[in-house]
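Here the structure comes first, spelled out in structure tokens, and everything after it is commentary.
The values are calculated or read from the model by the stated rules, or taken from the named source; none is laboratory data. Just so we're clear, the structure is a prediction, and the values are computed from it rather than from any experiment. We place every Cβ from the backbone using ideal geometry, glycine too, and count neighbours over all the protein chains shown.
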């Protein structure tokens, strides 16, 4: 199951996974069923699918929505093999309280609540994976280095929540690794996305953003076990990031 699946990294990953194997059933989740169904129809119309796609309404900021989604997945499938915590938002509001509280709800608390709710279904799987889609922006080590491109204004709320999300992953790995749960913090890189806004310049600032399909391929490599040597770490497509 992948959150935020109607655009950006979530959309690209859904497409990559559905093309990868007939054994894959990809659950595309998000808070707008209309957008999810449109995204699914586009992916199916593009062809080349081996696996199956389904959609699931879930707003990670609302516990009742999470619980309804959990019950639906349990009813339909009985277990979950992979949870990709991909829901996120930039939140660059000039008011610090507004941007920190809003970013906390989506970028940190949401993934925590979803993981806590779905973990029992994950632990029923023979090879369970949790992937927290984080960001190099959450690396304290990288923050000390020169930036490759101009950042949006007031990025510290988003960065702080991604740093905290990395710790959430590390704590989960420590607690559940003995039960076979493989947890990763994954940075998709600077890719074309609606996270920064919906205009072309926001989606691809200066034409420097990469293809989110590459991020999808990296996530595929994780769930196929190709990155198991890096379990419990902060990974990206080419290796590891420092915390």
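May I ask you to list the residues in the range 80-102 that are touching a strand residue (DSSP E or B) at 6+ places or on another chain (Cβ under 9 Å) and surrounded by 19 or more Cβ atoms within 10 Å (Cβ to Cβ)?
Within the range 80-102, 80, 82, 83, 84, 85, 86, 87, 88 meet the criteria.
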Filter the range 164-222 for residues that are in contact with a helix residue (DSSP H, G or I) (Cβ under 7 Å, 6 or more places away or on another chain), assigned to a strand (DSSP E or B) and modelled with pLDDT under 90 and give the result. 191
Here is a list: 37, 22, 44. Which entry is closer than 23 Å to residue 62 by Cα and touching a strand residue (DSSP E or B) at 6+ places or on another chain (Cβ under 9 Å)? 37
Those residues that are touching a residue at least 24 places away in the same chain (Cβ under 8 Å) and more than 22 Å from residue 239 (Cβ to Cβ), I need them from the range 136-167; list them, please. 150, 152, 153, 154, 155, 157, 158, 160, 161, 164
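Per-residue answers, yes or no, for (1) within 19 Å of residue 213 (Cβ to Cβ); (2) without any contact (Cβ under 8 Å) to a residue 24 or more places away in the chain; (3) not in a helix (DSSP H, G or I):
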site	(1), (2), (3)
10	yes, no, no
14	yes, no, no
18	yes, no, no
44	yes, yes, no
50	yes, no, yes
61	no, no, yes
Report yes if some residue within the range 123-138 is part of a helix (DSSP H, G or I), surrounded by fewer than 22 Cβ atoms within 10 Å (Cβ to Cβ) and at pLDDT 95 or above; otherwise report no. no
